[in-house]
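Structure record follows, encoded as structure tokens.
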Amino acid sequence: METQKHTNDTYTDIPDDWFSPKEKDERKAEAVVRPSLSYWQDAWKRLLKNKLAMSGLVFLVLLTIMSFVGPLISPHNGSEQMLANQNLAPSSEFWFGTDELGRDVFTRVWEGAQVSLFVGLAAALIDFAIGVAYGGIAGYKGGRTDNVMMRIVEVLYGLPYLLVVILISVVMGPGLFTIIFALSITGWVGMARIVRGQVLQVKNYEFVMASKTFGTKTGRIIRKNLLPNTMGPIIVQMTLTVPSAIFAEAFLSFLGLGIQPPLASWGSMANDALTSILTGDWWRLFFPALFISLTMFSFNVLGDGLQDALDPKLRR
Amino acid sequence: MLKYIGKRLGAMVITLWVIITLTFFLMHAIPGSPFNNERATSEAVQRNLEAFYHLDEPLYVQYFSYIQSVVTFDFGPSIKKPAQSVNDMLGRGFPVSFELGMVTLIVAVISGITLGVIAALRHNGFIDYLAMTVAVLGISIPNFVMATMLIQQLAVNLPIFPVATWSSPMHMVLPTLALATGPMAIIARLTRSSMLEVLTQDYIRTAKAKGLKPVTIVFRHALRNALLPVVTVLGTLAASILTGTFVIEKIFAIPGMGKYFVESINTRDYPVIMGTTVFYSSILIVMLFLVDIAYGILDPRIKLHKKEGN
């Protein structure tokens, strides 16, 4: 009996003078402890902490610089054929060796980097432009417009990407601009779907409604209110488009539909070097293959890192 | 459910029609006729050839007769190898490619899921990082690089496996490995992330509280639900394996459909290009359709029909 009642009484038994009121400091309680960061500052801070993603970013920056500086510091010309120097192993004269026509692999790797990066970036930018416009309009207009536009996207989405690319390359004849055209003709569909989904979500937020109430024009609402708030997923999608475009270019070059000489890309260099594995001239395949793989790796880890960094839900 | 299947079936037919139309008009947009590039032929021979391939008829007649023949699965004769029809080539190449693709898919799914589950169970541990590094490497290395590395190491330097062709199980090892690494990596990453998500769910805690064995929890409760997202990518994976076979069949000299396709691209053999494209696309589209339906059946949370009724 006693023990059961005990619990209720214990606390009321404590004398009042044991308590003293804590000094109130309202300013302190209201103060913002955490430094105020904008979305982009926060994302950048979190990306900096991700070592793998940062190493990818650093590699890509170095690669871009080297693709321009590399050919300049090399003593050889990338398209000059020196038939006396066929299939030489890497040495102090030819840093990455030479190929079957006596061309310097070191110079060609960096020239190939320019082409491969150009293809990747161009495809990503075109996808961005078309995808954002298409997805933005579909998501913002909604209703019947959205319905029709998304039906079209659904059909295009069902088309096998690489087959369409191959078909267009066959028809237009191989070349740099054919590749970029072929890659972006169905490539924007994924972007359009992502943008539409985001816009559908954001357009129902209060600040958009407020903006509308002020009589802001549609174009301005899309540019100033909707797009900045959908940028996160768009950037992630773009970082993932670049490697898949570089990959597709390598694939096309491998089928003989890619970059044509005298231009070289990593894919066409790897394709030319295929026979070399049986003769033991490993450097001809090794260097282009190494740089394709490292670039793909960097873009992939950077994309993963950005995905985490730009996701507000993962903010700590 | 039936209504949904009907709707998807309609979309599938439209997509197929777009592909057939696209290939037809793209092939006809190419300037010049397929016969005027090599040796000189007399006017009469030229006309006879064009009549034989119905190239002298108006475009819309050709278009409708092409659709008609595609619907009946007749892709016509090859231009460069007149003795063979496209159907012959598909008939000979498809079983080989199908075998390669299926074995690859099975290897990729089993090893990818295993890798993903192990990584998720050892979250942030050494094995997790190791498995994910392997996975990112698998995505980063193009399959033709993988294939040549495998040939160099396991067929030339250490002659364990044959270098090329397709005649015994030993011949299948290297092509399958080269083709499977990419899809395996994608599956591993996906399984890991969805497994991690499922493992935090309440019903897993309940299962643990009931004192179930860890093996039972992982296999009966977690994995079942974690695999749903994996099912959704099977369609896209099939597509990447299929296009991968072009490259792998070329490198390993495997007499599959991909080899004919690459050859037809190099010789600009238009009927073969058209036929194989349409054939490949139909396989892929049917595959995507089946995956969608399977997903709807597997995941009870997805209501395929809107109507809830009584």
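For the reader, a short list of remarks on this structure follows.
- For A:Tyr134, net neighbour charge (Lys/Arg +1, Asp/Glu -1) across residues whose Cβ lies under 14 Å away: +1
- Residue exposure sequence - B:Phe246, B:Phe75, A:Phe128 - by fewest surrounding Cβ within 10 Å: A:Phe128, B:Phe75, B:Phe246
- 3J(HN,Hα) from dihedral phi, the range A:287-300, Karplus parametrisation 6.51/-1.76/1.60, rounded to Hz, x for glycine, proline: 5, x, 5, 4, 6, 4, 5, 5, 5, 4, 4, 4, 5, 5
- Integer Hz, Karplus 6.51/-1.76/1.60 couplings in order for the range B:100-111, x for Gly and Pro: 4, x, 5, 4, 4, 4, 5, 4, 5, 5, 5, 5
- One decimal place: the segment B:Leu2-B:Tyr129 gains 41.3 nm when fully extended, by the rule 0.36 nm per residue minus the C-alpha distance.
- Farthest toward positive dipole pole in the range A:149-252 [+1 Lys/Arg, -1 Asp/Glu at C-beta], among A:Ile235, A:Val155, A:Gln198: A:Gln198
- Its Cα centre serving as origin, the range B:92-267 has a Cβ charge dipole (Lys and Arg +1, Asp and Glu -1) of approximately 620 debye.
- With contacts taken as Cα pairs under 8 Å and at least 6 residues apart, chain B reaches a relative contact order of 26 percent.
- A simple charge model with +1 on the Cβ of Lys and Arg, -1 on the Cβ of Asp and Glu and nothing else charged puts the dipole of the range B:178-292 at about 680 debye relative to its Cα centre.
- Normalised by the number of residues in the range A:99-211, the average gap of Cα pairs under 8 Å and 6 or more apart makes the relative contact order 39 percent.
- For B:Leu121, net neighbour charge (Lys/Arg +1, Asp/Glu -1) across residues whose Cβ lies under 12 Å away: +1
- Remark: mean inter-chain Cβ contacts per residue of A:167-176 equal 4, using a 10 Å Cβ-Cβ cutoff to other protein chain atoms.
- Remark: B:Ser240, A:Ser298 ranked as B:Ser240, A:Ser298, counting other beta-carbon atoms within 10 Å and listing the fewest first.
- Comparing B:Ala155, B:Ala164, B:Ala29 in a Gaussian network model of chain B, where Cα atoms under 10 Å apart are tied by springs, the biggest mean-square fluctuation is seen for B:Ala29.
- Trypsin sites (Lys or Arg not before Pro), loop per DSSP, at most 10 other Cβ atoms within 10 Å - longest free stretch of chain B: B:40-209
- Hz values of 3J(HN,Hα) by residue in the range A:141-156 - Karplus curve (6.51, -1.76, 1.60), Gly and Pro given as x: 5, x, x, 5, 4, 4, 4, 5, 4, 6, 4, 4, 4, 4, 5, 5
- Top positive-direction residue, dipole computed over the range B:92-267 with Cβ charges, set B:Gly182, B:Ile204, B:Pro162: B:Ile204
- Summing Lys and Arg as +1 and Asp and Glu as -1 over all other residues whose Cβ lies under 13 Å from the Cβ of A:Leu183 gives a net charge of -2.
- Residue with peak Gaussian network fluctuation, chain B [Cα springs, cutoff 10 Å], from B:Gly182, B:Gly116, B:Gly296: B:Gly296
- For residues of B:142-152, the mean tally of beta carbons on other chains within 10 Å: 6
- In percent, rounded to a whole number, the relative contact order of the range B:92-267 is 35, using alpha-carbon pairs under 8 Å and six or more apart.
- Point-charge dipole on Cβ atoms (K/R +1, D/E -1) for chain B, about Cα centre, debye to 20: 1500
- Chain B shape via C-alpha gyration tensor axes, a/c threshold 1.5: oblate
- At R0 = 25 Å, FRET efficiency that the Cβ-Cβ distance of A:Thr218 and A:Asp311 yields, to 0.05: 0.30
- Crossing angle, helix B:270-298 versus chain B [Cα axis fit, 0-90 degrees, rounded to tens]: 20
- Expected 222 nm ellipticity per residue - DSSP helices of 4 or more, -39500 (n - 2.57), all of chain B, to 500: -24000 deg cm²/dmol
Bear in mind these aren't lab numbers, they're just calculated from the coordinates by the rules spelled out. Given the structure is predicted, the values throughout are model-derived calculations rather than measurements. Glycine gets a Cβ as well: all are built from the backbone with ideal geometry, and neighbour counts include every protein chain shown.
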